[in-house]
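Here the structure is laid out as structure tokens; the discussion comes afterwards.
Nothing in this text is a laboratory measurement; each read-out follows from the coordinates by a stated rule. All figures in this text were calculated on a predicted structure; none of them were measured in a lab. Positions of Cβ are backbone-derived with ideal geometry, glycine not excepted, and every protein chain shown enters the neighbour counts.
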Amino acid sequence: MLYCCSSIPTTLTHIRRQVRNGNTYLYSAKTFRDRDTGKVRQKVKYLGKEVERNGKRILKPSLNRKEVRRVLDSGAYVLYRIAQDDGILMQYEDSLDGLTGIRDAAKKIVILAAECIMGQDHSIYLHTGIQKMSDKEIRDVVDLVGRKDPDTIAMLEKSIAPQIIREFGSSGIVYDLSAIRYYGTENDLARYGHYYHLNGENREINFVLAVTRKGGIPVHHRPIAGSIPSVLTVKSFIGELKDFGAESILIVMDRGFYSSENIRELKDYGVIGAIPSSLTIHDEMIRESKDIENSSNYFQYEDETVFLKEKRIRGLRYIVFFSPRLRTRKLESFYYALSEKEKNLDALKGKKFQSGKDLVRTVEEELKGFGNFFDVKYDLNDMAISFKLKHNAIQRKTNRFGYTILLTNTSIPNNELLRIYRENDAVEKAFSHLKPHLEPFFSRSERGTRARLFLVILGYTLVAVMASKCGIKYNEALKAASGIREVVYSSGGHAPVEYTKEQRELLEKLKITL
């Protein structure tokens, strides 16, 4: 029998029964053809469970969960209010004006960022009137955030960076690079890089992050390929700072960022940087400072005695700091580890190996980090080894213990320079707070990587701003906000669950009422 096309029904609905553990559950299954794609799709709605009442089988309807008491987490809404009250949301709305057709795009970006830190079962929709996002809406927002032309993330960062620098950046900007272990298969940013042996030999995605020394508030970030070393990122970083309108900023750089080119690029900013021990000038300055332990060179750094000498080279100040306490600690740690390596190599002499390759690999694994201090001889016929210490190499290493060499183009006093450098852990703390929300990392595309990284960093930013405004540590702010909850009644009303002392103080300082 033939039918004309117009007679084929576009929608078919039938009742589906499923039996599980002796119970029968009914579903309404609607099959239809998608007008846009032409594909056949199906929507399934749960109707209820068949039960026996008075000898008859009847349908017990599904429970309308909106009509029962619910308990929702309010931590995400507290972060949403931080973005709203601190002007971040307004700046985002201005930046996205006319760029997208997504309704309430800025608000939805903030909601997703809050979810990255606080979880999805929250009360934001209850307070804002924004409809809960569907999976498609979430994909659309993520796609908008990850866009590179125009660069949505750059626009959003630029909109709030001047405010962050003005409020928190007077004490300096700290800049560093870290890696995220990547477990997927298709991301072009995922490469084998610097942290290869430290992350279980997984591929990695690097990202650079600049935060304020006060509060650790992110100023900017950028994902880069895992194979790109940190020293190559400074030039782009400076360009971004200039684009943000930053003029007088103190930049604290670790050894990994030192290069003569980077110092030239940073000439218009205040810089404090450490000289890598691998450079010739590092050993030269130590040799020139043999008499540094003189009473004319000492100062007290808290309860520690430190000696210093300063030298000017082409307009830059180079300061050699020497700490006897630090030297003693490093010597003890180094020689303890060295003796353990010797014991383990001695133990390998009596071990049997399957092949010469197996022998070499085992020895190299054992000497990881200490290979420069041992002269190992292999007898591949007898599968044996002999070794001796390289005393000159050991001496060159230990001669550097206790010394820190800093350079700066500022007039900051020497003891203050050392304090600033030693307290340069704001960005490391930021990394430690971010990574639990980033790993494991599976995003397949660069666009998805950019979006996820931005949303997590924005969520972290909101918590960090909250902590700074309340004068407490990041973890304390996160713990207090994470425990705030609200009860939603069947009538539609809602009320907060009883607060702890810390939660009450947090909300009072933020002037937030639930």
Using the 10 angstrom Cβ neighbour count as an exposure proxy, how do S443, S339 rank, fewest first? S339, S443
Expressed in nm², what is the orientationally averaged projection area of the convex hull enclosing the Cα positions of the chain? 40.0
Residue-by-residue Karplus 3J(HN,Hα) for region 291-297, coefficients 6.51, -1.76, 1.60, Hz, glycine and proline x: 9, 5, 6, 10, 4, 6, 10
Considering only lysines 8 or more places apart in sequence, or on different chains, count the pairs in region 355-459 whose C-alpha atoms sit under 19 Å apart. 9
Using helices alone, I'd like the mean residue ellipticity at 222 nm for the chain: each DSSP H run of four-plus residues gives -39500 (n - 2.57), total over residue count, nearest 500. -12000 deg cm²/dmol
Distance (nanometres) between label positions extended 7 Å along Cα→Cβ at H391 and R20: 7.5
Along region 259-275, Karplus-curve 3J(HN,Hα) (6.51, -1.76, 1.60; θ = phi - 60°) to the nearest Hz, with x for Gly and Pro, reads 6, 4, 5, 5, 5, 5, 4, 9, 4, 8, 10, x, 10, 10, x, 9, 8
Compute the convex hull volume of the Cα atoms of region 256-302, divide it by the residue count, and report the result per residue in Å³ as a whole number. 131
Return the Cα extents of region 40-143 along principal axes one, two and three, sorted largest first, each rounded to a whole Å. 65, 38, 21
How compact is region 365-503 by the rule of thumb for globular proteins, expressed as Cα Rg over 2.2 N^0.38 Å? 1.84
If every Lys and Arg gets +1 and every Asp and Glu gets -1 at its Cβ, then about the Cα centre region 326-399 yields a dipole, in debye to the nearest 20, of 340
Which of the listed residues, S296, L345, F374, is farthest toward the dipole's positive end in the chain, when Lys, Arg count +1 and Asp, Glu count -1 at the beta-carbon? L345
Multiplying the sequence separation of E428 and L99 by 0.36 nm and subtracting their Cα-Cα distance, what value in nm do you get? 115.0 nm
May I ask for the percentage of alpha-carbon pairs in region 326-399 that lie more than 20 Å from each other? 34
Once all Cα-Cα distances of region 465-514 are split into 10 Å bins that start at 0, what whole-number percent is in each one? 25, 50, 20, 5
Angle in degrees between helix 135-146 and the longest Cα principal axis of the chain, rounded to the nearest 10: 30
Tally of Lys pairs whose C-alpha atoms are under 25 Å apart, taken over region 305-354, 8 or more apart or cross-chain: 8
Under 19 Å between alpha carbons, and skipping anything fewer than 8 positions from K267 in its own chain: which aspartates and glutamates qualify? D176, E240, D243, E247, D254
